[in-house]
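Notes to accompany the following structure.
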Amino acid sequence: MPIIKSQFKPAWGLSNPHLQTLWSTFFRSIPEVELSAERLELADGDFLDIVTTELKDRPIVIILHGLEGSLSSPYVKPLIKQLDDADYGVCFVHFRGCSDELNRLPRGYHSGDTQDLGSVVEYIQNAHKQEVFAVIGFSLGGNVVLKWLGEHGENVPVKAGIAVSVPFQLEDAGDRLEKSFSRVYQKHLLATCQKKYKEKFEEKASPLGDEIDVCKLDTFYSFDDTITAPLHGFKSADEYYEKSSSRQFLKHIRKPTLILHSKDDPFMWERTVPSEEELSPSVELELSDAGGHVGFIGGKHPFNVEYWVDKRVVEWLNALRENT
């Protein structure tokens with residue numbers, strides 16, 4: 001399918017990719033939403049904490065957050081409210097260790113970990129006796145969604161997928177985050193990863209040994225090579241990136257899938273965006289010139305902004321819902 005030029009236009013004064021990326025963190029108002037908490041016990045002895053709106057007799061949408069995200073991420077509750085108001089049931093999933101409680105096992109989560117998403121879909125089907133309509137992922141969560149859709153093709157047990165600001169090629173993302181202002185994002189995210197690792201193994205031994213000074217791992221490559229890869233069964237960061245990047249799975253997707261991405265995303269290079277030849281006929285890639293990373297702040301000016309992703313997601317799902 002041809003790559004579609006997005007209709008998104010940045011708000012006046014907010015065309016800079018870093019303003020787009022950071023605006024919501026500092027200025028977005030977060031609505032109150034009524035949610036129920038559930039804990040999904042996993043087959044390996046670990047757990048996932050999820051929260052849901054009312055699910056009964058509504059098309060169910062699962063949302064996955066980005067690296068070190070949570071229910072508190074500024075893009076989460078506003079989208080949940082928009083979907084709830086549009087009569088969708090929403091299940092928001094915390095990756096392992098990303099809720100208020102550290103997970104039990106030494107392992108955590110990573111960009112290619114699709115098994116837990118499959119477990120959530122199965123849980124919804126069995127516990128709530130309903131099918132899942134769509135899965136939505138942001139950043140790392142978007143990579144998981146696209147990889148999962150591609151792995152299962154026609155047999156994936158959902159009707160559709162949406163992915164926003166995806167690091168299609170993980171090696172590229174790691175390289176981009178070592179350059180210029182993007183190092184600020186790397187430093188912030190790594191600090192949370194380092195903190196979580198130290199907390200987890202403060203009172204119990206790490207399977208990687210106690211010689212690692214995690215605070216000296218100051219790039220994503222060094223952290224992934226030393227921590228992420230061995231904890232999750234990869235020989236190296238290179239193998240982790242190679243096997244977990246979603247770009248290679250796009251041609252295998254067989255269910256309607258929307259990807260929203262900006263050329264100026266400061267978490268990756270413009271060359272990271274897949275070509276039309278890499279997309280299956282089921283994939284719509286809407287590409288904008290501006291928008292930053294999980295930004296897409298539109299509107300007339302900085303004091304009257306519109307959060308375009310929420311509107312586009314609901315619009316696209318509604319159109320799909322009407323035609324199925």
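The values are calculated or read from the model by the stated rules, or taken from the named source; none is laboratory data. Model, not experiment: these values are computed from the prediction. All Cβ positions, glycine included, derive from the backbone under ideal geometry; neighbour counts span all protein chains shown.
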Flag if Y75 is surrounded by fewer than 24 Cβ atoms within 10 Å (Cβ to Cβ), modelled with pLDDT of 95 or more and over 30 Å from E239 (Cα atoms): no
The range 96-114, residues that are of a type in the set (D, E) and within 14 Å of the chain's Cα centre (by Cα): D113
Residue within the range 275-284 that is in contact with a Gly (Cβ under 7 Å, 6 or more places away or on another chain), touching a residue at least 24 places away in the same chain (Cβ under 8 Å) and not in a helix (DSSP H, G or I) present: no
Scan of the range 256-303 for residues that are among the acidic types (D, E) and surrounded by fewer than 23 Cβ atoms within 10 Å (Cβ to Cβ), ordered by number: D264, E270, E276, E277, E278, E284, E286, D289
Residue in the range 293-310 that is at pLDDT 95 or above and either basic (K, R) or more than 15 Å from S24 (Cβ to Cβ) (or both) present: no
Criterion: in a loop (DSSP other than H, G, I, E, B), hydroxyl-bearing (S, T, Y) and not assigned by TED's automatic domain parsing to the domain that holds G292 - qualifying residue of S180, S222: S180
Any hit, the range 243-250, residues being surrounded by fewer than 21 Cβ atoms within 10 Å (Cβ to Cβ) and either among the polar types (S, T, N, Q) or in contact (Cβ under 8 Å) with a residue 12 or more places away in the chain (or both): yes
Within the range 226-242, tally of residues that are outside any helix (DSSP H, G or I) and surrounded by fewer than 20 Cβ atoms within 10 Å (Cβ to Cβ): 4
Selection from the range 173-204 of residues that are buried (at least 20 other Cβ atoms within 10 Å of the Cβ), over 15 Å from L217 (Cα atoms) and not polar (S, T, N, Q): A173, R176
Some residue of the range 285-302 being free of Cβ contacts under 8 Å to residues at least 12 places away in the same chain, outside any strand (DSSP E or B) and either under 14 Å from L83 (Cα atoms) or not small (G, A, S) (or both): no
Selected residue (only one of V145, V184 is modelled with pLDDT of 95 or more, within 20 Å of L279 (Cα to Cα) and among the β-branched types (V, I, T)): V145
Per-region count, the range 43-95, residues over 20 Å from V158 (Cα atoms), assigned to a loop (DSSP other than H, G, I, E, B) and either polar (S, T, N, Q) or without any contact (Cβ under 8 Å) to a residue 40 or more places away in the chain (or both): 4
Subset tally (residues that are surrounded by fewer than 24 Cβ atoms within 10 Å (Cβ to Cβ), assigned to a strand (DSSP E or B) and small (G, A, S)) for the range 127-167: 1
